[in-house]
Structure formats: C-alpha cells, structure tokens
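Just so it is clear, none of the values below were taken in a lab; they were calculated from the coordinates. Keep in mind that this is a model prediction, so the values were computed, not measured. When we count neighbours, we look across all protein chains shown, and the Cβ atoms used for this are built from the backbone with ideal geometry, even at glycine.
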Amino acid sequence: MKAIAVLTSGGDAPGMNAAIRAITRVAIDRGTQVFGVKRGYQGLMTGDFIPLGLREVGGVMQYGGTFLGSARAPEFKTPEGRKTAIKYLEAFDINGVVVIGGNGSQTGASALNDMGMPTIGVASTIDNDLIGSEITIGVDTALNIALEAVDRLKVTASSHRRAFLVEVMGRDCGYLALMTGISGGAEAVIIPEIPTPPQEVVEELSASYKRGKTNGIVIVAEGAKHGVNELLAYCAEQPDIGFEIRAVTLGHVQRGGTPTAYDRLLGTRLGANAVERLIEGEHGGVVGMIKGEETFTPYSEVVGRTKGVDPKLFALADVLAK
Ligand code: ADP
C-alpha cells in the first residue's frame, strides 16, 4: 500500500495520540507513507493533510486530546461531502484511511468504505458505548479523573455532612457513571438505561444518613432521565434527608486528562493492529480489544447499535452502597 491517511473524529479521547503514533510508525516500518488529516472529516473534505514522519509523532503520547484536532462535520453525512473527500484522497495517492473515533465516526468510516475507499476503525470514545471493543480508548483516563473528583468531594462532604450529586459524561450510555459509582463507593448511580425515580434517590440518601454515613455521593450520567439540576431542585423540597445537598458537573474536565498507562497501551495496540490489517488488505470494520486480544468487527455489526451496561453490575452497585 503506497499511502494511508489517519484521522481522529468526534469527541476527543486520551490515548488517541498514542494510536496516531503507533499507526504512523508501523506503517513507515512497512514502507507505507502516512498523512495526518487535520480536524477529522472536516479536513478530509478540504484536503487538509500533513505528511507524518517518525519525528512528527514523537513527544505526543503523554498528552490527552488529539494533536491532529477533531471536529464534528455534518457535511460528511452527505454523499457529496464524501465524494469530495475521496477526490482529495486520490489526489494524494492515498489508498486507505484509519479512523480513530466513536459511534458517529465509525458510521462515517463505514459510509466512506461503501463508496470504495478502504477504511478501518480504531475504537475510541470515553463513553464506552461502541460495539466491537470491551473497552475503548479514553475510558480508563476519564474514569480515573471522575474517581479522583469523587474522592476529593467525599473529603469535603464529610466535614459538613453533605451529599453531592455528581454529573459525569457518557452521552446516552451509563457505563462511566456506573463504573465511577462502583469504584468511588457511591450511595446511588443514576443512568439512562435503568431510570431511577427521584424519590428513590432521596430515600437512599436519607437511609444512608440515618445509618451514620458522614457523606453521600450520587453519580448521575449526563443522559439520565432526571439530571442533576432536576434532582437538586427535587431534593430541596424534601424535608429530613439529613445531608445538605450540592451538585457538581464534571463535564469536559473528565476528557482532558493525561492518558493513563492503560490508555497509552490500548491506543498503541489498537492503532498498530488496525494499520497492519489495512496494509494487508483488511478493511470495513472496527479494531477493538476483546478478552485481551485485538479483534476486527465488521461495520455491519457496529453501525446503528450501541453497547449497553451490565444489569448485574448495576444491581451490585446498589448492594455495595449499604
Ligand atoms: P463520535 O465518533 O464521538 O460518536 P459524532 O457522533 O459527533 O462523534 O460523529 C463524528 C462525525 O462523524 C460527524 O461529525 C460526522 O462527520 C461523521 N458522521 C456521523 N454520523 C455519520 C453518518 N451517518 N454518515 C456519515 N458520517 C457520519
């Protein structure tokens, strides 16, 4: 294969830079030239390509985000947008594209592949809702940041016997919230997949207070039916919860962290494996990690579907909250 392009698309995730580095160095090792595409599909439709050599990908792995930039590019959803992208790729003699991103990005990669430009995906999203990988690039870092915030909130909460409603990211997927809740020792976890009535949250907090707990933590996924502000307003109207209730939204703080060792290794392994497959002629699917091995899942099994949370773990979080 003469040349390939690599791009990062959609929400940025810590570990993306490790993937770009591995893709570039493995490709060069196999005699394939690499172009980095700036700002995801946006740059693909404007020919914003930069040659990536061994040195261009040095000193990037320890940083979160993506040095290529990312963007949301609605025009890429149109066949005209994708035709323009193919025109630029052909002008650069590029015969394959590695797409590092989540659900939307892999849907775009699938559409491009269907139009005759070979693409392969690298599973990357902090939400962990992508089919084809048990864990995706960025999840571990985002989870550790949320956990550190919860640990700190517990310290201050204990001094004042407060309870915090903590909103964590994850779009429509409750994975990050559930894992933060379990590993952070939360009193309750509120996720989109299994709605919890506000009254149950109040009862849980009130019971925890009566059992003598000095602080309370409720983790609320950003896509939950009843968000932190609604829950805060509801709690304010309830007598006798015991704890004074406060709300915190972690928001984008969760994204920007230094990639953990796990995310650097995951980005490296998935990136290296994806480019090896692409050079050997395999395309039309997403490379992820399943049971400790790099795997290839066809786009047909990935696109239009999302991974749910494990109801057993949700039940366990409830038991452990006592
Ligand atoms: P993520 O990859 O993090 O889920 P988005 O859902 O925002 O991020 O998608 C990123 C980009 O992927 C979009 O801005 C668009 O350019 C492209 N994309 C998303 N859905 C499609 C689609 N159905 N067809 C083509 N491209 C798409």
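Indicate the gyration tensor shape class of the range 140-255 (rounded, prolate or oblate), computed on the Cα atoms with a ≥ b ≥ c the square roots of the eigenvalues: a/c under 1.5 is rounded; otherwise a/b larger than b/c is prolate and the rest oblate. Here the range 140-255 falls in the oblate category. Once backbone amide H atoms are built at 1.01 Å from N, residue 124 has 101, 102, 137 as its partners under 5 Å, excluding neighbours fewer than 5 places away on the same chain. Compute the angle between helix 261-279 and the longest alpha-carbon principal axis of the chain, please, reported from 0 to 90 degrees and rounded to the nearest 10. Long axis of 261-279 versus the principal axis of the chain: about 30 degrees. Once backbone amide H atoms are built at 1.01 Å from N, residue 247 has 165 as its partners under 5 Å, excluding neighbours fewer than 5 places away on the same chain.
First check a/c for the range 48-103, with a ≥ b ≥ c the square roots of the eigenvalues of its C-alpha gyration tensor; if it is under 1.5, answer rounded, and if not, answer prolate when a/b is larger than b/c or oblate otherwise. Don't jump to the answer; show the numbers that get you there.
On the way: a/c = 2.80, a/b = 1.45, b/c = 1.93.
Oblate shape, in that a/c is at least 1.5 and b/c is the bigger or equal ratio.
Given the -39500 (n - 2.57) contribution per DSSP H run of 4+ residues, what per-residue ellipticity at 222 nm results for the chain, rounded to the nearest 500 deg cm²/dmol?
Theoretical 222 nm ellipticity from helices: -12500 deg cm²/dmol.
Taking amide H as placed 1.01 Å from N in the peptide plane, the amide H of residue 52 sits under 5 Å from that of 34, 35, 36, each at least 5 places away or on another chain. Protection proxy ranking of 6-19, 250-263, by the mean of other Cβ atoms within 10 Å over each peptide's residues and highest first, is 6-19, 250-263. Here the chain carries DSSP beta bridges of which approximately 25% are antiparallel, counting only pairs with both residues inside.
Listed by chain and number, the lysines placed with their C-alpha closer than 21 angstrom to that of residue 87 are 2, 38, 77; residues fewer than eight positions away on the same chain are left out. Nearest 10 degrees, 0 to 90: what angle lies between the long axis of helix 79-91 and the longest principal axis of the chain (Cα atoms)? For helix 79-91, the angle is close to 50 degrees.
Would you please classify the overall shape of the range 5-127 from the alpha carbon gyration tensor, given that a ≥ b ≥ c denote the square roots of the eigenvalues, rounded means a/c under 1.5, and beyond that prolate means a/b larger than b/c while oblate covers the rest? It comes out oblate by the Cα gyration axes.
Computed from backbone phi, the HN-Hα couplings of the range 115-123 come to 8, x, 9, x, 10, 9, x, 10, 5 Hz, rounded to whole numbers (Karplus: 6.51 cos²θ - 1.76 cosθ + 1.60, θ = phi - 60°; Gly and Pro given as x).
Derived scalar couplings between HN and Hα for the range 176-186 equal 4, 4, 5, 5, 5, x, 5, 6, x, x, 7 Hz in order, rounded to whole Hz, by the Karplus curve 6.51 cos²θ - 1.76 cosθ + 1.60 (θ = phi - 60°), x for Gly and Pro.
Running a GNM on the chain with Cα contacts under 10 Å, which residue among 27, 272, 71 ends up with the highest mean-square fluctuation? For the chain, modelled as a Gaussian network with Cα springs under 10 Å, the answer is 71.
The angle separating the long axis of helix 103-114 from the principal Cα axis of greatest extent in the chain is about 20 degrees.
Sequence gap at least 6, Cα distance under 8 Å: using those rules, report the relative contact order of the chain to the nearest whole percent.
Once divided by the residue count of the chain, the mean separation gives 24 percent.
The mean sequence separation of alpha-carbon pairs under 8 Å and at least six residues apart, normalised by the residue count of the range 105-235, gives a relative contact order of 25 percent. Karplus-derived 3J(HN,Hα) values for the range 53-63, using 6.51 cos²θ - 1.76 cosθ + 1.60 with θ = phi - 60°, are x, 4, 6, 5, 9, x, x, 10, 4, 7, 9 Hz; glycine and proline are entered as x. A simple charge model with +1 on the Cβ of Lys and Arg, -1 on the Cβ of Asp and Glu and nothing else charged puts the dipole of the range 232-322 at about 80 debye relative to its Cα centre. Under a model in which nothing but the beta-carbon of Lys, Arg (+1) and Asp, Glu (-1) is charged, the chain shows a dipole of about 580 debye around its Cα centre.
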